[in-house]
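Visitor: This structure is in structure tokens; I'll ask about it shortly.
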Amino acid sequence: MTLPDFNALSDEAFRAKVREFLAMHYPQDMRYALRRSRLAETRDWYQTLSKQGWIAPNWPREYGGMGLDPGKMIVLLEEQERYGVSRLPDHGIVQVGPIIMKYGTDAQKNYYLPKILTGEHIWAQGYSEPNAGSDLASLKTSAIPDGDDFIVNGQKIWTTLAHDATHLYVLVRTSTEGKRQEGISFILVDAKTPGITIRPIRNIAGHEEFCEVFFENVRVPQANLVGGLNKGWTVAKALLSFERINIGSPRRPQYALQKLGELARAKGLFADPGFVDKYTALELDLADLGSLYARYVEVVKRGGVLGQEVSMLKVWSMEAWQRLTDLLVETAQEYGAMPGAHDIDGVDVDVLSPFYYARPGTIYGGSSEIQRNILAKYVLKLPA
């Protein structure tokens, strides 16, 4: 399908296009989902986006994407948030695709990218391990060359929606010489390969978003290596930058602010100066977050390399989200301890779900403590 050049439209004209598209195509029963949707729930929506050419807004047009510029990307994200669009299993679109475009071979681009667009391949990230989370350089999952293959052994944990994935992108140790970061490689793995076991983890909200993944003598073709042997740390840093932009999106905090505002109006709290002070501070935090987010998106779309300062976006977004959900629970009073959606003074709101989902936000993708260490060392140049 040949798409129009959306970048030639004004932001308001494109906004109208997005609203029309969502109203026409997005399933009404999926609006404002209270948890991360599984593949079975989002597959039809994925296929609709794929057939309409809207599945990869951040990809260049030559690779089958929409090729949106930073301004249009922000408009799209704003309208998706406004309409309550659930997040797809989008690791292929948001992370693997851009990495293959940047570091992959022509064979990898030709094979994987079209299958990501159609949804034939659904990806999950194999980074964290039981003893290597924010400190990824400590990872121990090994990949030993054997003929044309690697033999992979080890364990990954907190792998988002691995039980829905057809493929995994995995950091493995291919050398123990030199610095820890210098012995890491980035490989692409078919999740159906013998020797892989995927075990879901049930979270505090009763959902199974994360998984453990075990590798026992798993054969992976060396042709699936991305970016070169022992060059995985470079690839991983770029991928973490993409991830931190996605995690740092203002979408989730904005939704929490919207619900907080609705509830506060229903309760008449905007007549309370103490509440107004708290609400206004959070509103200003989100305005600044939106500006920071737009700045980093523009760098990526220009093909630039994100520096270590992108850690600021992740810290800001997740901590603002937590502060918002804290105030949402406080404002809901007794309903703040009750799971599920409730009619609170005429406002239908689930308070605990966003509260629960905001809790691990300061841990996954690199904990806030690690992000602050990065900012102190590499941006502020503070002494160790």
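Every number here is computed from the coordinates shown, using simple stated rules; none is lab data. Source: prediction; values computed, not measured. So basically every Cβ, Gly included, is an ideal-geometry build from the backbone, and we count neighbours across all protein chains shown.
Visitor: Would you order Glu79, Glu177, Glu309 from fewest to most other beta-carbon atoms within 10 Å of each residue's own beta-carbon? Kindly include the intermediate steps, with their values, before the conclusion.
Guide: Numbers: Glu79 18, Glu177 7, Glu309 14.
Arranged by neighbour count, lowest to highest, Glu79, Glu177, Glu309 become Glu177, Glu309, Glu79.
Visitor: With the chain treated as a Gaussian network of Cα nodes joined by springs under 10 Å, which of Asn224, Asn110, Asn58 yields the largest mean-square fluctuation?
Guide: In the Gaussian network model the winner is Asn110.
Visitor: On to the next question. What's the magnitude of the charge dipole for segment 6-88 around its Cα centre, counting Lys and Arg as +1 and Asp and Glu as -1 at the beta-carbon? Answer in Debye, nearest 20.
Guide: Values: 13 positive and 11 negative charges, 62 e Å.
Dipole magnitude for segment 6-88 comes out near 300 debye.
Visitor: For segment 40-89, what does the alpha-carbon gyration tensor say about shape, rounded, prolate or oblate, given a ≥ b ≥ c as the root eigenvalues, a/c under 1.5 as rounded, and a/b over b/c as prolate?
Guide: Details: a/c = 2.63, a/b = 1.15, b/c = 2.29.
The shape class here is oblate.
Visitor: Considering only Ala40, Gly268, Ile100, whose Cα is most displaced toward the positive end of the charge dipole of the chain, charges sitting on Cβ of Lys, Arg (+1) and Asp, Glu (-1)?
Guide: The Cα lying farthest towards the positive end belongs to Ile100.
Visitor: Okay, next question. What's the extension gain from Thr160 to Thr197 if we count 0.36 nm per residue and subtract their Cα-Cα distance? All intermediate terms of the calculation are to be shown ahead of the outcome.
Guide: Details: separation 37, 0.36 × 37 = 13.32 nm, distance 1.45 nm.
Here the answer is 11.9 nm.
Visitor: Given a Förster radius of 56 Å and the C-beta distance between Asp11 and Lys179 as r, what FRET efficiency does 1/(1 + (r/R0)^6) yield to the nearest 0.05?
Guide: On the way: r = 46 Å, r/R0 = 0.81.
It comes out at approximately 0.75.
Visitor: OK, next. Can you give the calculated 222 nm mean residue ellipticity of the chain, where each DSSP H run of n ≥ 4 adds -39,500 (n - 2.57) and the sum is split over every residue, rounded to the nearest 500 deg cm²/dmol? Please report the intermediate quantities before stating the final value.
Guide: Values: 11 runs with 161 residues, N = 384.
Calculated at 222 nm, the ellipticity per residue is -13500 deg cm²/dmol.
Visitor: Under a 5 Å amide H to amide H cut-off, with H placed in plane at 1.01 Å, what residues pair with Asn58 once short-range neighbours are removed?
Guide: Amide H to amide H, under 5 Å and 5 or more residues apart or across chains, Asn58 pairs with Met66.
Visitor: For segment 346-356, in order, what is each residue's ³J(HN,Hα) by Karplus, 6.51 cos²θ - 1.76 cosθ + 1.60 with θ = phi - 60°, in whole Hz (x at glycine and Pro)?
Guide: In residue order, the calculated couplings are x, 10, 7, 8, 9, 8, 6, 4, x, 4, 4 Hz.
Visitor: Given axes a ≥ b ≥ c from the Cα gyration tensor, I'd like to know whether segment 123-231 is rounded (a/c under 1.5), prolate (a/b larger than b/c) or oblate.
Guide: Working: a/c = 2.22, a/b = 1.43, b/c = 1.55.
Taking the square roots of the gyration eigenvalues as a ≥ b ≥ c, segment 123-231 is oblate.
Visitor: Quick one: Karplus J couplings for segment 206-218, per residue in order, coefficients 6.51, -1.76, 1.60, θ = phi - 60°, nearest Hz, x for Gly and Pro?
Guide: Computed from phi, the couplings for segment 206-218 are x, 9, 10, 7, 9, 9, 9, 10, 10, 10, 10, 6, 8 Hz.
Visitor: Also: Give, rounded to the nearest 20 debye, the magnitude of the charge dipole that segment 196-273 has about its Cα centre when Lys and Arg contribute +1 at Cβ and Asp and Glu contribute -1 at Cβ. Don't skip to the answer; put the middle values down first.
Guide: Values: 11 positive and 7 negative charges, 41 e Å.
My answer is approximately 200 debye.
Visitor: Tell me which aspartates and glutamates have Cα within less than 20 Å of Lys17's Cα, excluding those fewer than 8 residues away on the same chain?
Guide: The reachable aspartates and glutamates, counting only those whose Cα sits under 20 Å from Lys17, are Asp5, Asp69, Glu78, Glu79, Glu81.
Visitor: Please work out whether segment 1-143 counts as rounded, prolate or oblate from its C-alpha gyration tensor, where a ≥ b ≥ c are the square roots of the eigenvalues and a/c under 1.5 means rounded, while otherwise a/b larger than b/c means prolate and anything else oblate?
Guide: Values: a/c = 1.92, a/b = 1.45, b/c = 1.32.
Prolate shape, in that a/c is at least 1.5 and a/b is the bigger ratio.
Visitor: So what is the diffusion coefficient of segment 248-379 in µm² per second by Stokes-Einstein at 37 °C and 0.692 mPa s, using a Kirkwood Rh over Cα pairs?
Guide: Numbers: Rh = 15.8 Å.
Estimated diffusion coefficient is 207 µm²/s.
Visitor: Provide the percentage of antiparallel DSSP beta bridges, counting only those with both residues in the chain; round to the nearest 5.
Guide: On the way: 34 of 39 bridges.
For the chain, the DSSP antiparallel bridge percentage is about 85.
Visitor: Would you please give the residues with an amide H less than 5 Å from that of Asp149, counting only those at least 5 places away or on a separate chain, with H modeled from the backbone geometry?
Guide: Under 5 Å from the amide H of Asp149: Gln222.
Visitor: Turning to a different aspect of this structure: Label points 7 Å out from Cα along the Cβ direction at Asn217 and Ile144: separation in nm?
Guide: 1.1
Visitor: Rounded to the nearest 0.05, what FRET efficiency do Arg19 and Ala107 have when you use their Cβ-Cβ distance and R0 = 41 Å?
Guide: Values: r = 40 Å, r/R0 = 0.98.
Efficiency computed from Cβ-Cβ geometry: 0.55.
Visitor: Under a crude label model (7 Å from the Cα following the beta-carbon direction), how far is Met338 from Ala40 in nanometres?
Guide: Reported label-point gap for Met338 and Ala40 is 3.0 nm.
Visitor: Listing Val152, Val351 from the residue with the fewest other Cβ atoms within 10 Å to the one with the most, what is the order?
Guide: Numbers: Val152 24, Val351 27.
By the 10 Å Cβ count, ascending: Val152, Val351.
Visitor: Given contacts defined as C-alpha pairs under 8 Å and at least six residues apart, what's the relative contact order of the chain, whole-number percent?
Guide: Worked out over the chain, it gives 13 percent.
Visitor: How much length, in nm to one decimal, is gained on full extension between Ala281 and Arg31, taken as 0.36 nm per residue of separation minus their Cα-Cα distance? It would help to have the intermediate numbers written out before the result.
Guide: Numbers: separation 250, 0.36 × 250 = 90.00 nm, distance 2.82 nm.
Separation in residues times 0.36 nm, less the Cα-Cα distance, equals 87.2 nm.
Visitor: While we're looking at this one, here's another question. Would you mind ranking Lys156, Lys140 by Cβ crowding within 10 Å, fewest neighbours first?
Guide: Details: Lys156 26, Lys140 14.
Ranking Lys156, Lys140 by Cβ neighbours within 10 Å, fewest first, gives Lys140, Lys156.
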